[in-house]
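Chemist: Below is a structure I'd like to ask you about.
Readers should treat all values here as calculations from the given coordinates under stated rules, not as data from a laboratory. This one's a predicted model, so the numbers in the text were calculated from it and none came from an experiment. Here the Cβ positions follow ideal geometry from the backbone for every residue, glycine too, while neighbour counts run over all protein chains shown.
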Amino acid sequence: MSTRNMSPVKVDMPSQEPLIRAKNFKEVTHGYTEEMALEEAARCLQCKHKPCIQGCPVNVQIPDFIRLILERDYQAANEKILETNVLPAVCGRVCPQENQCEKYCVRGIKGESVAIGRLERFVADYVRDNTELKPEKYKMNGNKVAVVGSGPAGLSCAGDLARMGYEVTMYESLPEGGGVLVYGIPEFRLPNHIVRHEVRQLRAKGVVLERNMVVGRSITIDELFDKHGFEAVFVGSGAGLPVFLGIPGENAVGVYSANEYLTRSNLMRAYDSRYDTPIRHSKNVAVVGGGNVAMDSARTALRLGGENVHIVYRRSFDEMPARSEEVHHAQEEGVIFENLTNPIAVKMGQQGEVIGLTCIRMELGEPDDSGRRRPVPVPGSEFDIDVDTVVIAVGTNPNPLIKSTTKGLEVTDWGGIVTDESGATSRPGIFAGGDAVTGAATVISAAGAGKVAAAAIDKYIQEKNA
Amino acid sequence: MYRIVRKEKLNANVTRMSIDAPHVAVHANVGQFIMFRVYEFGERVPLTIAGVDREAGTVDIIFQTIGKSTRLLAEKEAGDTIYGFVGPLGQPSELEGYDRALVIGGGVGTAIAFPSAVKLNRLGTKVDVIAGFKNKDIVFLEDEFRAASENLYVMTDDGSYGEEGFVTNKLKQLLDAGEKYDLVVAIGPIPMMKAVVAMTKEKEMKTLVSLNPIMVDGTGMCGGCRVQIGGQTKFACVDGPEFDGFMVDFDDLARRNRSYLSEEEDRDHACRLQIAAEQFDHDDPVQNKE
Ligand SMILES: Cc1cc2nc3c(=O)[nH]c(=O)nc-3n(C[C@H](O)[C@H](O)[C@H](O)COP(=O)(O)OP(=O)(O)OC[C@H]3O[C@@H](n4cnc5c(N)ncnc54)[C@H](O)[C@@H]3O)c2cc1C
Ligand SMILES: Cc1cc2nc3c(=O)[nH]c(=O)nc-3n(C[C@H](O)[C@H](O)[C@H](O)COP(=O)(O)OP(=O)(O)OC[C@H]3O[C@@H](n4cnc5c(N)ncnc54)[C@H](O)[C@@H]3O)c2cc1C
Ligand code: SF4
Ligand code: SF4
Ligand code: FES
């Protein structure tokens, strides 16, 4: 084993120059080379009590897989990660590591924590690029399970069930599998081919993906049980219903929900001139919100030709829910941050088009329910930002379609499906997980919920048929 | 891939097709729509379900060639396949329980209104139809409408067929003559629907309209199709596309539908501009007649 690396900082990850990458859709970061990965892996102290693991929602065996990197057994490292996380190439790129695994790393006390996410990404990319896909189907046990939605929750539930021998069919309303990973998170942060590889791998192993099938419309959950012989259904339909601000002028031409903006650009590839779906290529854009979705929208706007792209966020950098790496990347690329600022009206021109966004400055007052200090408006501080496009990225809720077409499925007042800790809903045989249950959260928590539900579904079917 | 089973030209710009899509056919109801995609690089475009054969598993669409996507679709032949066909989306129409209904269609809206007339007729409602076209050459579905209605009034802008004038001229005539309907269904260009609603509102005749905002997903995910209904924001793809005409903010809809004019122009200049211009001149009774 190589000697320990006591550098207080992470091995840097190579990336495109900020001002160049801000004009293309290629991936921002290049990932570690083998040498870099070995160097970074050597920073791990292999702590006996493994504190980092408690920070990972699915308990990836972090020191174990890092040790396997040092042993240059990348295949085994990959398998170690896959024991608990089915999407390492994705999670290594998009997990908010600073709030999860890396937050608890002891190296983080006096310096930077071990770059767990980057190492996870390295392993997954290395194995994907250097091994042949073996389309070996799992042995089927003859029991059928349907999965609604092919986002991280659906993919991980389907993957686990297929491995246990279930015949799994995933129903997806969009033309591609992957959920937010393909329609929301942009190419420059998570290249599509990575998600496609995950989906292809599942299909090669026997999982069926039915695209363009809107459950509740093209087929109902009751039909899945009664007509198609499924013994259980997992609902991983996400939280795709956009929230608007309700401010005057919000219906002006040029006001998008982030979902619309990103779907046009990512799923429908509007940024690529070979595709027909149109999108505005604006010079001056305001994006309202401070999460990953807002950062992705702002950085997409830059890449579509934006010159002055503003983030309008009502709190400060400290409260920003986006991954810190994304905020940092957005700053480097030239996104203008209007923090402690709230939009109050969209200004409309003669033709009903956006000609500006009127905002008001905020200051932080007393903490609210979430424990964050509540922003309150500063009287008389209104001002206008000169923009022709506004993107609203202030949140999403679960879509009501499944609930409204499935009798006896209990949901919360904001539309989240009610489940117990195993993912079981109020209707026997129907399980749920991911954003559809929790509201907008993270890739790894959704994938984790899919995994938990897969185990519960297995138990449910075993007991039912015993 | 979805196979085109039948294709028929209704006039130079309007085509009817039957698509092999059993899942859509099984669940489809009047008032709902599908979204098609001709090829991998194509847009998702909404079209109303114009008819269904559940046994054969086919769904009919009737569409006007407007821009690139509808042109590419119109170029396909029976036996060819298209890349995407999703549905049925939206809410079914509520047409039960009416004694006498008036169905008004303008231009390609006539096609969209056609299944409502058929369904009302089947439910035992007495149906009158006003169908408006630019001229004789583009009149379509005449026999089908006649079979489904008590009275069919075909209107052409230039009087080259049926009666001369806009659908609103005929509507005014009927209302002035004291005809009573407990349901009006009006489907066509926005200015037409707006003008119809202005007249039926005076008589407090319940009026359903079908809205056609720009859509991306058709499942409630993008909010691009948001419309103002009685001062509230609704998503036409999940809450509609049919709404109570008295509640609709037509000006907001008209404005939002111009969103991509310049982008679409760049892309598909000649074809679209010409047709859209013709359509707008002729289908706007308010601008053109008064
Ligand atoms: C722009 C953006 C950036 C993000 N960035 C990050 C990040 O950096 N890190 C992170 O951890 N998380 C991020 N997230 C959050 C993360 O992507 C989600 O929490 C996660 O994808 C949820 O997974 P899911 O499987 O529950 O749902 P989704 O990924 O939403 O997948 C649900 C799927 O179900 C389908 N579906 C819905 N209804 C139906 C129906 N009726 N019938 C059939 N199919 C249906 C949908 O089309 C979709 O494909 C981001 C989210 C967005 C929008
Ligand atoms: C629920 C619904 C049902 C519909 N049913 C039918 C139908 O049965 N038959 C039919 O012929 N048409 C129907 N339409 C309209 C049809 O979707 C548009 O004509 C179609 O988008 C044209 O696509 P295109 O690529 O050929 O033209 P494009 O080049 O995309 O557009 C041409 C022009 O139309 C505008 N436009 C784009 N999308 C829409 C839209 N969705 N609605 C209105 N204007 C738009 C553009 O801004 C442009 O000015 C329906 C629309 C909706 C929302
Ligand atoms: S899955 Fe996410 S949280 Fe868990 S170890 Fe990997 S990067 Fe960290
Ligand atoms: S806490 Fe940090 S140093 Fe310790 S085992 Fe985990 S990754 Fe390695
Ligand atoms: S089309 Fe996207 S929400 Fe209606």
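Chemist: Take the Cα coordinates of region B:155-202, assign each an equal point scatterer, and use the Debye formula without solvent to give log10 I(q)/I(0) at q = 0.24, 0.26 Å⁻¹.
Modeler: -0.96, -1.07
Chemist: Using the Kirkwood formula over every pair of different C-alpha atoms, what hydrodynamic radius in Å results for region A:18-130?
Modeler: 14.2 Å
Chemist: Over 24 Å between C-alpha atoms is what I'm after, so list which of A:LYS347/B:LYS68; A:LYS227/A:LYS407; A:LYS144/A:LYS227; B:LYS180/B:LYS201 land there.
Modeler: With Cα atoms farther than 24 Å apart: A:LYS347/B:LYS68.
Chemist: How big is the dipole moment of chain B about its Cα centre under a simple scheme where the beta carbon of each Lys and Arg is +1, that of each Asp and Glu is -1, and everything else is neutral? Debye, nearest 20, please.
Modeler: 380 debye
Chemist: What share of Cα pairs, in percent, lie more than 14 angstrom apart in region A:188-237?
Modeler: 67 percent
Chemist: Among B:GLU75, A:GLU326, which comes first, then next, by fewest other beta-carbon atoms within 10 Å?
Modeler: B:GLU75, A:GLU326
Chemist: Here's another thing I want to ask about it. Using the Kirkwood formula on the Cα atoms of chain B, what hydrodynamic radius do you get, in angstrom to one decimal?
Modeler: About 19.1 Å for chain B.
Chemist: Next question, about the same structure. Using the Cα centre as the reference, give the magnitude of the dipole from point charges on the C-beta atoms of region A:244-394 (Lys, Arg: +1; Asp, Glu: -1; all else neutral), rounded to the nearest 20 debye.
Modeler: Taking the Cα centre of region A:244-394 as origin, the dipole is about 240 debye.
Chemist: Now, a different point. Applying 1/(1 + (r/R0)^6) with R0 = 56 Å to the Cβ-Cβ distance of B:ALA147 and A:ASP129, what FRET efficiency is obtained, to the nearest 0.05?
Modeler: Taking R0 as 56 Å, the efficiency between B:ALA147 and A:ASP129 is 0.30.
Chemist: Please average, across the residues of A:250-259, the number of beta carbons from any other chain that are within 10 Å of each residue's own beta carbon, and give a whole number.
Modeler: Neighbouring Cβ atoms belonging to other protein chains average 5 per residue here.
Chemist: Please compute the average number of Cβ atoms from other chains found within 10 Å of each residue's Cβ in peptide A:212-224.
Modeler: Mean partner-chain Cβ count within 10 Å for A:212-224: 5.
Chemist: Using mean Cβ contacts within 10 Å as the protection proxy, how do A:175-183, A:226-234 order, highest first?
Modeler: My ranking of the peptides, most packed first, is A:175-183, A:226-234.
Chemist: Classify region A:343-400 from the C-alpha gyration tensor, please: rounded if a/c falls under 1.5, else prolate or oblate depending on whether a/b exceeds b/c.
Modeler: Taking the square roots of the gyration eigenvalues as a ≥ b ≥ c, region A:343-400 is oblate.
Chemist: I need to check one value: relative contact order of region B:100-257, counting alpha carbon pairs closer than 8 Å and at least 6 residues apart, in percent.
Modeler: 19 percent
Chemist: Taking the Cα centre of chain A as the origin, how large is its charge dipole in debye, to the nearest 20, when only Lys and Arg (+1) and Asp and Glu (-1) carry charge on their Cβ atoms?
Modeler: Here chain A has a charge dipole of around 740 debye.
Chemist: Relative contact order of chain B: what whole-number percent is it, with Cα pairs under 8 angstrom and at least 6 residues apart?
Modeler: 16 percent
Chemist: Need one word for region B:1-107: rounded, prolate or oblate. Basis is the Cα gyration tensor (sqrt eigenvalues a ≥ b ≥ c); a/c below 1.5 gives rounded, then a/b vs b/c decides.
Modeler: In terms of gyration-tensor shape, prolate.
Chemist: Which net charge results when you count Lys and Arg as +1 and Asp and Glu as -1 among the other residues whose beta-carbon is under 10 Å from that of A:GLU187?
Modeler: +2
Chemist: What is the sum of charges around B:THR156, taking Lys and Arg as +1, Asp and Glu as -1, for the other residues whose C-beta is under 9 Å from the C-beta of B:THR156?
Modeler: For residues surrounding B:THR156, the net value is -2.
Chemist: Shifting gears a bit: Which one, A:ILE185, B:ASN257, A:GLY92, is farthest towards the positive end of the dipole of the protein assembly as shown when Lys and Arg carry +1 and Asp and Glu -1 on their Cβ?
Modeler: Working it through, the farthest residue towards the positive pole turns out to be A:GLY92.
Chemist: For region A:63-217, I need the span (max minus min coordinate) of the C-alpha atoms along each principal axis, in Å, sorted largest to smallest.
Modeler: For region A:63-217, the Cα extents along the three principal axes come out at 55, 32, 25 Å.
Chemist: Please work out the Cα convex hull volume for region A:244-394 and give it in Å³ per residue.
Modeler: 111 Å³
Chemist: I want the antiparallel fraction of DSSP beta bridges within the protein assembly as shown, as a percent rounded to 5.
Modeler: Beta bridges within the protein assembly as shown, antiparallel portion: roughly 50 percent.
Chemist: Please label the shape of region B:100-257 as rounded, prolate or oblate, based on the square roots a ≥ b ≥ c of the eigenvalues of the alpha-carbon gyration tensor (a/c under 1.5 means rounded; beyond that, a/b larger than b/c means prolate, else oblate).
Modeler: prolate
Chemist: Shifting gears a bit: Once you have the alpha carbon radius of gyration of the protein assembly as shown, what is it after dividing by 2.2 N^0.38 Å, with N set to its residue count?
Modeler: Relative to the 2.2 N^0.38 Å estimate, the protein assembly as shown comes out at 1.02.
Chemist: Work from the charge dipole of the protein assembly as shown (Cβ charges, +1 for Lys and Arg, -1 for Asp and Glu, about the Cα centre) and give the residue of B:LEU102, B:THR81, A:VAL60 farthest towards its positive end.
Modeler: A:VAL60
Chemist: Here are some pairs, B:LYS134/B:LYS234; B:LYS76/B:LYS170; A:LYS80/A:LYS459; A:LYS137/A:LYS451; A:LYS139/A:LYS464; B:LYS134/B:LYS172; which of them have Cα atoms lying more than 28 Å apart in this structure?
Modeler: Going by Cα-Cα distance, B:LYS134/B:LYS234; B:LYS76/B:LYS170 fall outside the 28 Å limit.
Chemist: If Lys and Arg each add +1 and Asp and Glu each add -1, what is the summed charge of the other residues whose beta carbon sits under 13 Å from the beta carbon of B:ALA113?
Modeler: -2
Chemist: What ranking do A:330-337, A:215-222 get when scored by the average of other Cβ atoms within 10 Å per residue, highest first?
Modeler: A:215-222, A:330-337
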